[in-house]
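Following: one structure in structure tokens, then a few remarks.
No value in this document is a laboratory result; all are computed from the given coordinates. Worth saying up front: this structure is predicted, and the values here are computed from it rather than measured.
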């Protein structure tokens, strides 16, 4: 269970960095709405993949 908390906290830190720094100061000014949508979709897919590994690891 300790490993699960590390992953969840890691995802939280990733999202905080992404939405508080990277999106407003780097991606949005350069790429606009298309870059914003692409970034959000990519972040959600990465988060689902990381959380999905929690259930895959339990089934083994």
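Observations on the model:
- Between helix 28-59 and the chain there is an angle of about 0 degrees, using the helix long axis and the longest principal axis of the Cα atoms.
- Panel note: the C-alpha atoms of the chain, placed on their principal axes, show extents of 44, 17, 8 Å (largest first).
- Gain in span if fully extended, residue 42 to residue 13, counting 0.36 nm per residue against the direct Cα distance: 8.9 nm
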